[in-house]
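Shown next, in structure tokens, is the structure this report addresses.
The values are calculated or read from the model by the stated rules, or taken from the named source; none is laboratory data. Keep in mind that this is a model prediction, so the values were computed, not measured. For neighbour counting, all protein chains shown are included, and Cβ atoms are generated from backbone atoms with ideal geometry for every residue, glycine included.
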Amino acid sequence: MELFYGLLLIAGILLAFILSVLTEASYHSFKAKIPPEVDQPPKLSFYNWLFTVIETLAKKLESLGICKKHLLIRLFSHGLRACRASELLVEDLHFGEVPVRIYLPRLPSAGKRRGVVLLHGGCGMFGSIRSHDRICQHIAQKSDSVVVSVGYRLSPEHRYPTQTLDCVAATIHFLKTAENYGVDPTRIIVCGDSAGGTFATSTCQELASRTDIPKIRAQLLIYPFLQGVNFNLPSHQKNASIGMLSLERMICSILMYLRKDCSLMEAVLAGSHVPESMNLKYRKWINPDLIPEGLKQDYEPPTPASCIPQLHEEMKEMFETRFSPLLAEDAVVCCLPDTCIITCEHDVLRDDGLLYKKRLEDNDVKVTWCHVEDGFHGVLCSLGYGIFSFPSASKIMDHILNFIQGC
């Protein structure tokens with residue numbers, strides 16, 4: 001009888017725990033803004049609720065000392081294992097110390113193929129080769145390209161800028177050995193989504209002046225994060241409460257990535273990490289006035305915040321070009337390859353892409369801009385999941401393929 005009551009007590013505690021997780025997650029997810037113009041609002045609302053449940057569960061388990069928050073979220077970010085396409089030869093290799101997965105079309109080619117280096121998103125903490133397996137297979141099949149997916153080391157186990165260094169190392173290795181895989185080394189494109197877009201941008205900037213390796217043919221940036229100076233741009237305000245990637249969730253992810261305390265979020269969001277001298281220096285590149293008028297509805301200039309010197313010192317990595325590639329000097333930007341930037345209307349990071357587009361154009365770099373009116377941040381990762389996917393993911397993939405096939 002004692003065993004029965006003991007099991008009943010445990011069951012009651014577990015039920016109460018589950019109910020508390022669901023209640024808290026539902027409360028936070030219902031505060032999210034799901035605009036009617038976004039792609040399939042009910043489905044996005046469900047995904048946001050599901051992610052919030054996972055996030056809430058991870059926080060509670062971490063507070064109980066059972067599991068680190070990022071490890072549980074990372075487990076879910078891998079997604080379901082994809083079926084291997086018979087048209088592709090898929091191999092797991094290492095480029096130096098960096099694990100990669102390479103996708104080679106089986107059919108013979110009349111000449112050397114183009115290559116695509118794909119750097120997955122996930123704020124440098126989540127995502128993996130596996131999470132982007134469907135995307136890589138699709139690109140390799142539909143564009144008849146050899147795709148290299150890079151499994152860079154993740155934060156917080158590996159401190160910033162390890163992620164960028166791994167991406168640069170893998171890209172250099174592929175540029176030097178491309179012909180071993182039937183790839184023309186002068187036709188290699190570096191591609192990334194979200195934080196992968198950050199790493200792709202930084203990689204291209206770091207290799208722009210190298211003369212000992214082939215030049216990168218193009219860079220393809222999918223809703224990239226590009227600057228940590230101003231978090232009050234029109235897209236930040238418009239999409240501050242958007243499902244999946246709210247402004248607060250983004251700032252907290254940045255702090256976790258840099259191994260900082262999330263209690264700094266409000267001060268960073270207000271801009272208290274930026275001295276006035278830096279605001280003046282970067283105003284020519286990061287300025288709401290540079291955003292097209294049609295994309296600034298209801299924008300309200302924020303009240304300037306006073307810089308907190310200790311916070312600035314704590315967050316100094318945010319002003320490095322490996323973290324904020326939008327801050328690179330013109331001498332670097334003018335040497336960059338042809339670029340495709342894909343932005344989504346319902347994305348806090350929309351304006352990062354728009355500002356970088358202007359910087360590139362001002363430096364005579366050829367830019368292709370594709371804007372997905374009903375898209376939202378992270379939607380591409382739903383590609384290949386059947387009824388659980390979004391049409392806007394296919395739109396983004398069409399833009400990706402059109403650009404790659406034109407290179």
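For the structure I just gave you, tell me whether W285 is farther than 17 Å from G197 by Cα and modelled with pLDDT of 95 or more. It would help to see each step written out before you state the result.
Values: farther than 17 Å from G197 by Cα: yes; modelled with pLDDT of 95 or more: yes.
Yes: the conditions hold for W285.
Take the residues of the stretch 388-405 that are surrounded by fewer than 18 Cβ atoms within 10 Å (Cβ to Cβ) and modelled with pLDDT of 95 or more: which is nearest to L50 (Cα to Cα)? Walk me through it before giving the result.
Of all residues in the stretch 388-405, those surrounded by fewer than 18 Cβ atoms within 10 Å (Cβ to Cβ) come to 388, 391, 394, 398, 401-402, 405.
Restricting the remaining residues to those that are modelled with pLDDT of 95 or more gives 391, 394, 398, 401-402, 405.
On the way: P391: 20, S394: 22, D398: 28, L401: 30, N402: 33, Q405: 36 Å.
In this case the residue turns out to be P391.
Working only within the stretch 35-88, note down all residues that are out of contact with any strand residue (DSSP E or B) (no Cβ under 9 Å at 6 or more places or on another chain) and surrounded by fewer than 13 Cβ atoms within 10 Å (Cβ to Cβ).
P36, P42, S63, L64, G65, I66, L75, L80, R81, C83, S86
Scan the stretch 159-182 residue by residue and report those that are touching a residue at least 24 places away in the same chain (Cβ under 8 Å) and touching a Leu at 6+ places or on another chain (Cβ under 9 Å).
Answer for the stretch 159-182, where residues must be touching a residue at least 24 places away in the same chain (Cβ under 8 Å) and touching a Leu at 6+ places or on another chain (Cβ under 9 Å): R159, Y160, Q163, C167, V168, A170, T171, I172, L175, Y181, G182.
How about the stretch 268-280: which of its residues are more than 23 Å from the chain's Cα centre (by Cα) and small (G, A, S)? Working first, answer last.
Here is the first cut: in the stretch 268-280, the residues more than 23 Å from the chain's Cα centre (by Cα) are 272, 274-280.
Within the stretch 268-280, S272, S277 meet the criteria.
Where the second residue is part of a loop (DSSP other than H, G, I, E, B) and the first is on the phi > 0 side of the Ramachandran plot and lies in the stretch 357-386, which pairs have Cβ atoms under 6 Å and are six or more apart or on separate chains?
Close Cβ pairs (under 6 Å, with a partner that is part of a loop (DSSP other than H, G, I, E, B)) amount to G378/M244.
Scanning the stretch 302-317 for residues that are in a loop (DSSP other than H, G, I, E, B) and without any contact (Cβ under 8 Å) to a residue 40 or more places away in the chain, which turns out surrounded by the most Cβ atoms within 10 Å (Cβ to Cβ)?
We begin by selecting, within the stretch 302-317, every residue in a loop (DSSP other than H, G, I, E, B); these are 302-308, 315.
In the following step, the residues that additionally are without any contact (Cβ under 8 Å) to a residue 40 or more places away in the chain were identified as 303-307.
Numbers: T303: 8, P304: 12, A305: 16, S306: 9, C307: 18.
Among those residues, the one meeting the criterion is C307.
Quick check: is even one residue across the stretch 148-155 at pLDDT 95 or above, under 17 Å from V116 (Cβ atoms), touching a strand residue (DSSP E or B) at 6+ places or on another chain (Cβ under 8 Å) and surrounded by fewer than 24 Cβ atoms within 10 Å (Cβ to Cβ)?
So in the stretch 148-155, the residues at pLDDT 95 or above come out as 148-155.
Filter again for under 17 Å from V116 (Cβ atoms), leaving 148-152.
Next cut, touching a strand residue (DSSP E or B) at 6+ places or on another chain (Cβ under 8 Å) only: 148-152.
Now drop any that are not surrounded by fewer than 24 Cβ atoms within 10 Å (Cβ to Cβ), which leaves 151.
Checked the stretch 148-155: at least one residue is at pLDDT 95 or above, under 17 Å from V116 (Cβ atoms), touching a strand residue (DSSP E or B) at 6+ places or on another chain (Cβ under 8 Å) and surrounded by fewer than 24 Cβ atoms within 10 Å (Cβ to Cβ).
Could you check, for the stretch 40-47, whether at least one of its residues is more than 22 Å from V190 (Cβ to Cβ), assigned to a loop (DSSP other than H, G, I, E, B) and not assigned by TED's automatic domain parsing to the domain that holds P185? Full working, then the answer.
Residues of the stretch 40-47 more than 22 Å from V190 (Cβ to Cβ): 40-47.
When the remaining residues are screened for being assigned to a loop (DSSP other than H, G, I, E, B), the result is 40.
Those still in the list that are not assigned by TED's automatic domain parsing to the domain that holds P185 too: 40.
Yes, there is a match, as at least one residue in the stretch 40-47 is more than 22 Å from V190 (Cβ to Cβ), assigned to a loop (DSSP other than H, G, I, E, B) and not assigned by TED's automatic domain parsing to the domain that holds P185.
Are any of the residues in the stretch 318-329 surrounded by fewer than 18 Cβ atoms within 10 Å (Cβ to Cβ) and under 20 Å from E373 (Cα atoms)?
no
Can you go through K284, K238 and tell me which one is among the charged types (D, E, K, R) and buried (at least 20 other Cβ atoms within 10 Å of the Cβ)? Lay out the reasoning, then the answer.
Values: K284 fails: buried (at least 20 other Cβ atoms within 10 Å of the Cβ).
Exactly one residue qualifies, and that residue is K238.
Got a sec? Which of L89, L107, L71 is more than 24 Å from the chain's Cα centre (by Cα) and either in a strand (DSSP E or B) or under 25 Å from F323 (Cα atoms) (or both)? So that I can check it myself, show each step before the final result.
Details: L107 fails: either in a strand (DSSP E or B) or under 25 Å from F323 (Cα atoms) (or both); L71 fails: more than 24 Å from the chain's Cα centre (by Cα).
Going through L89, L107, L71 in turn, the sole match is L89.
With the requirement that a residue be at pLDDT below 80 and of a type in the set (G, A, S), what does the stretch 1-45 give you?
Of everything in the stretch 1-45, those that are at pLDDT below 80 and of a type in the set (G, A, S) turn out to be G6, A11, G12, A16, S20, A25.
Please specify each residue of the stretch 357-384 satisfying the condition of being closer than 25 Å to G115 by Cα, of a type outside the set (S, T, N, Q) and outside any helix (DSSP H, G or I).
Residues satisfying the conditions are D364, V365, K366, V367, W369, C370, H371, G378, L383, G384.
Just need a number here: residues in the stretch 213-227 that are more than 24 Å from I135 (Cβ to Cβ), surrounded by fewer than 23 Cβ atoms within 10 Å (Cβ to Cβ) and in contact (Cβ under 8 Å) with a residue 60 or more places away in the chain.
Residues flagged as more than 24 Å from I135 (Cβ to Cβ), surrounded by fewer than 23 Cβ atoms within 10 Å (Cβ to Cβ) and in contact (Cβ under 8 Å) with a residue 60 or more places away in the chain within the stretch 213-227 amount to 1.
Can you list the strands (runs of 3 or more DSSP E) found entirely within the stretch 122-236 that contain at least 3 residues being over 13 Å from the mean Cα position of the chain (by Cα)?
On the way: elements: 146-150, 183-193, 218-222.
Here the list reads 146-150, 183-193.
As an exercise: evaluate S263 against (1) crowded, with 16+ Cβ neighbours inside 10 Å; (2) free of Cβ contacts under 8 Å to residues at least 12 places away in the same chain and give the number of the one condition it does not meet.
Of everything listed in (1) crowded, with 16+ Cβ neighbours inside 10 Å; (2) free of Cβ contacts under 8 Å to residues at least 12 places away in the same chain, S263 misses just condition (1).
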